[in-house]
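The values are calculated or read from the model by the stated rules, or taken from the named source; none is laboratory data. Treat the numbers as computed from the prediction; the structure is a model and nothing was measured. Ideal geometry is used to build each Cβ from the backbone, glycine not excepted, and the neighbour counts take in all protein chains shown. These area figures cover heavy atoms from the full protein model, side chains too; ligands, DNA and RNA do not enter into them. Shrake-Rupley method; radii C 1.70, N 1.55, O 1.52, S 1.80 Å.
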Amino acid sequence: MKLRDIAGRLDAALEGDGDLEITGVAGLREARPGDLSFVAQPRYAAEAARTRASALVVAPDWNGAALCARLRVPQPEQAFARVAEWFAPPPVAPAPGVHPTAVVAPDARLGADVAIGPHCVIEAGAVIGERTALFAGCYVGFGAAVGPDCRLYPHVSIRERCRLGARVILHDGVVVGSDGFGYAADAEGVRHKIPQIGIVEIGDDVEIGANTTIDRARYGRTVIGNGVKIDNLVQIAHNVVIGDHAVVVAQVGIAGSAAIGA
């Protein structure tokens, strides 16, 4: 894309050669001629001065040294993310409809324009909201509910009766509703399983990283609030409550019944 075209789409102030051909996006250190990069914080000023990028997305008041063109916008990181999507669109979801290898219970309810990919299983009483896409190998258990405009990447498992809100993104291998780790020892010290009969309830606009597990409540609910972002390889135990818009990064473990605020 021409740099002036990018500036126009971002409503950015252009400083430099608008005829520059931008062929990709990259971080400051990895960028090469033809790449667009960005500076969001002052601590990256030294890297910006050394970058080989052809242009930078910067804030209106940024005055660091850089031997390249600049696009000035109020929020550089968000603007750069938009450009990145133009060069690398998100994975194409399955086309609306049910793949012939999928197994869907007769009484499961599928909303309009739902896409069910190869080898998915949707159990009795499950509900899939409109425009939701399930990639290959997903499982939605008995009585579970997935809201509208969700995206479940390959091998996601939603266990029985658990509930997802709208616009939820679950990456490969996420498990929602596995049993909590609950046992009681008898007089001889032998541990016996305590039934885990609660659910997991996930709010709207949540994104959960690959191979993260969220245990169902022993009784009641494990709750993930609206807008929560969870990274890869996180373990959330039974009856945990995480408040709206909290962020949980990789390899965190949260013990049962812990409460995390908004």
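Whenever you get a sec, compute what percent of the accessible area on the chain sits on carbon and sulfur atoms (1.4 Å probe).
The value for the chain is 54 percent carbon and sulfur by accessible area.
Which whole-Hz ³J(HN,Hα) couplings does the range 212-228 yield from phi under the Karplus relation 6.51 cos²θ - 1.76 cosθ + 1.60, θ = phi - 60°, glycine and proline marked x?
Those phi angles translate into 7, 10, 10, 7, 5, 5, 4, 9, x, 9, 8, 10, 10, x, 5, x, 5 Hz.
Go through the range 108-118 residue by residue and turn each phi into a ³J(HN,Hα) via Karplus (6.51, -1.76, 1.60, θ = phi - 60°); whole Hz please, and just put x for glycine and proline.
Per residue, the Karplus-derived 3J(HN,Hα) values read 5, 10, 10, x, 5, 6, 6, 10, 10, x, x Hz.
Let me know the shape class of the range 66-169, please: from the alpha-carbon gyration tensor, a ≥ b ≥ c as square roots of the eigenvalues, rounded when a/c is under 1.5, otherwise prolate if a/b is greater than b/c, or oblate.
Prolate, because a/c is 1.5 or more and a/b exceeds b/c.
Taking 8 Å as the Cα distance limit and 6 or more residues as the minimum spacing, I'd like the relative contact order of the range 29-74 as a percentage.
37 percent
Dipole of the range 29-80, Cα-centred, from +1 at each Lys and Arg C-beta and -1 at each Asp and Glu C-beta, to the nearest 20 debye?
That gives a dipole near 140 debye.
With contacts defined as alpha carbon pairs under 8 Å and 6 or more residues apart, what's the relative contact order of the chain in percent?
Averaging sequence separation for qualifying contacts and normalising by length gives 8 percent for the chain.
Tell me, what is the percent relative contact order of the range 138-260, built from C-alpha pairs under 8 Å that lie six or more residues apart?
19 percent
Would you please report the Å³ per residue occupied by the convex hull of the alpha carbon atoms in the chain?
It comes to 159 Å³ per residue, whole-number rounded.
Quick check on the range 1-79: take the gyration tensor over C-alpha atoms, sort the square-rooted eigenvalues as a ≥ b ≥ c, and tell me if it's rounded (a/c under 1.5), prolate or oblate.
Because a/c hits 1.5 or more and a/b fails to exceed b/c, the range 1-79 counts as oblate.
Counting Lys and Arg as +1 and Asp and Glu as -1, each charge on the Cβ, what is the dipole of the range 104-262 about the Cα centre in debye, to the nearest 20?
It comes to approximately 160 debye.
State the answer as a single residue: which of VAL146, VAL206, VAL114 lies farthest towards the positive end of the charge dipole of the chain, with beta carbon charges of +1 for Lys and Arg and -1 for Asp and Glu, about the Cα centre.
Towards the positive end, the residue furthest out is VAL206.
Ignoring ligands, DNA and RNA, what accessible area per residue does the chain give at 1.4 Å, in Å²?
Value for the chain: 49 Å² per residue.
In the range 119-197, which GluC sites (Glu not before Pro) fall in coil by DSSP and have 15 or fewer other Cβ atoms within 10 Å?
The qualifying sites are GLU130, GLU188.
With +1 on each Lys and Arg Cβ and -1 on each Asp and Glu Cβ, and nothing else charged, work out how big the dipole of the range 92-160 is about its Cα centre, in Debye to the nearest 20.
So the magnitude is around 120 debye.
Given the DSSP H assignment, sum -39500 (n - 2.57) over each helix run of at least 4 residues in the chain and divide by its residue total; what's the result at 222 nm in deg cm²/dmol, nearest 500?
-3000 deg cm²/dmol
Tell me the Kirkwood hydrodynamic radius of the range 149-262 in angstroms, computed as one over the mean inverse distance between distinct C-alpha pairs.
That comes to 14.0 Å for the range 149-262.
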